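Trainee: Just dropping this structure here.
Values in this text are rule-based calculations from the coordinates and carry no lab data. Everything quoted here is computed from the prediction, not taken from an experiment. Counting neighbours? That spans all protein chains shown, and the Cβs are built from the backbone with ideal geometry, glycine included.
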Ligand SMILES: Nc1ncnc2c1ncn2[C@@H]1O[C@H](COP(=O)(O)OP(=O)(O)OP(=O)(O)O)[C@@H](O)[C@H]1O
Ligand SMILES: [Mg+2]
C-alpha cells in the first residue's frame with residue numbers, strides 16, 4: 001500500500017497560562033496522544049463537540065502552533081524539518097474558523113497577490129493562477145469587491161479559493177459552514193466537491209455537526225482532546241448510538257427514522273442524511 005500523505009504520531013499539546021504575578025505557569029493538556037493518517041487524495045472529516053480540540057488540532061496540522069510531544073510527517077518528512085514554517089504552508093493550507101481573520105488585503109486579488117508573493121511567486125505566475133482559479137471556481141463577480149462588502153458565504157468561497165491557490169497537498173477547513181445558511185452551505189459543499197474532483201489535494205473537513213461531513217470518505221472522532229474513533233462516513237452518520245456516544249447532534253432525518261422505528265418497529269432504509277433519502281425510504285416502506 002502507498003505511504004500515507006500525512007502521519008500524525010502520538011501528538012500532544014499543552015497550553016501554558018500565567019496564573020499569578022509570581023509568573024506561576026499552569027499547564028493544560030488540550031490534545032492527548034493523537035495518532036491517525038490521511039492518504040493521498042483522501043477526503044477526511046474530523047468531528048467532535050464544542051471544545052473537543054478541533055481548532056487546536058487544525059493549528060498543529062498547519063504548524064501555526066507546535067506540539068508539546070509527538071510528530072507529524074508529510075510525505076515522510078517531519079514537520080520540524082519544514083523551516084521556516086511558510087515552507088509547510090505551501091503544502092498544507094488552512095481555512096480558519098473565522099475567515100475574516102485570515103485576510104490581510106482588502107479584496108481577493110490584493111490579498112492573494114500578497115500571500116503568493118510571500119511564497120516567492122512572480123507577478124506573471126500570480127496573475128495566471130488568479131485567472132485560472134476565477135474561471136475554474138466561477139468567482140468572477142467576487143474577486144474585485146472589498147471583503148467588507150461581501151456576505152459571510154461569499155467570503156468563505158474566496159477563503160477556500162485562496163487556500164488552494166498554492167496547490168497544497170492537504171487542505172484543512174475548520175468549520176467552514178458553521179456561520180452559513182443552507183443556501184451558502186450548499187455553495188461551499190459544491191465548491192469542495194469540485195476541488196476534490198479536479199485537484200489532487202487531500203481534504204480534512206472539520207465540524208461539530210455530523211451532517212456537514214456527508215461529503216467525506218472517512219471520519220475521525222475527537223472527544224476531550226482524544227481521538228475516539230475512525231469510521232467510514234456512511235457507517236458513522238447513520239448510527240444514532242455512535243453519534244450520541246460522541247455527544248454529537250442527531251440530524252433531523254435520523255431522529256425521524258428513529259422515532260418511526262420506536263412507534264412502528266419499521267426501520268426506514270435511509271442511505272444518507274438528506275430529506276430526499278428520507279422521502280424515498282418512506283415511499284419504499286409504504287409502497
Ligand atoms: N490558547 C489556549 N489556552 C488555553 N486553553 C485553550 C487555548 N486554546 C484552546 N483552549 C482550550 O482547549 C479546548 C479545545 O479548544 P478548541 O478551540 O481547540 O476546541 P474546538 O473543538 O475547536 O471547539 P469549537 O467547536 O467551539 O470550535 C477548550 O477547552 C479551550 O478552552
Ligand atoms: Mg473550533
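Trainee: What Kirkwood hydrodynamic radius do you get for the range 38-90 when you take the inverse of the mean 1/r over all pairs of distinct Cα atoms, in Å?
Mentor: Result for the range 38-90, one decimal place: 12.5 Å.
Trainee: Order of 52-65, 28-41 by packing, highest average Cβ count within 10 Å first? Walk me through the numbers before you get to the answer.
Mentor: Working: 52-65: 21.4, 28-41: 17.0.
Highest-to-lowest ranking by the protection proxy: 52-65, 28-41.
Trainee: So, one more: Taking 1 over the mean of 1/r across every pair of different Cα atoms in the chain, what Kirkwood radius in Å do you get?
Mentor: Details: mean 1/r = 0.0487 Å⁻¹.
After inverting the pairwise mean of 1/r, the radius is 20.5 Å.
Trainee: Calculate, in nm to one decimal, what residue 199 and residue 125 gain on full extension: separation in residues at 0.36 nm each, minus their alpha carbon distance.
Mentor: 24.8 nm
Trainee: Kindly state, as a whole number, the per residue volume in cubic angstrom of the convex hull around the alpha carbon atoms of the range 1-117.
Mentor: 162
Trainee: Ok, one more. Tell me whether the range 147-227 comes out rounded, prolate or oblate; compute the Cα gyration tensor, take square roots of the eigenvalues as a ≥ b ≥ c, and use a/c under 1.5 as the rounded threshold.
Mentor: Oblate.
Trainee: Taking every Cα atom in the range 52-191, find the radius of gyration and the maximum pairwise distance Dmax, and write them in Å.
Mentor: Rg, Dmax (Cα atoms, Å): 15.4, 46.
Trainee: Can you give the % of DSSP beta bridges in the chain that are antiparallel, to the nearest 5? If you can, show how the numbers build up before the last one.
Mentor: Numbers: 24 of 42 bridges.
Counting only bridges with both partners in the chain, antiparallel ones make up about 55 percent.
Trainee: Return 221, 106 ranked ascending by Cβ neighbour count within 10 Å, so the fewest neighbours appear first. It would help to have the intermediate numbers written out before the result.
Mentor: On the way: 221 24, 106 13.
Listed from fewest to most nearby Cβ atoms, that is 106, 221.
Trainee: Rg/Rh for the range 129-279 to two decimals, with Rh computed the Kirkwood way over all alpha-carbon pairs.
Mentor: Looking at the range 129-279, the ratio lands at 1.03.
Trainee: Which length gain, in nm to one decimal place, applies between residue 83 and residue 245 when the Cα-Cα distance is subtracted from 0.36 nm times their residue separation?
Mentor: Computed gain between residue 83 and residue 245 is 54.3 nm.
Trainee: What's the exposure ranking of 20, 181, 272, going from fewest to most Cβ atoms within 10 Å?
Mentor: 20, 181, 272
Trainee: What shape does the range 199-287 have by the C-alpha gyration tensor, where a ≥ b ≥ c are the square roots of the eigenvalues, rounded means a/c under 1.5, and otherwise prolate means a/b greater than b/c and oblate the rest?
Mentor: oblate
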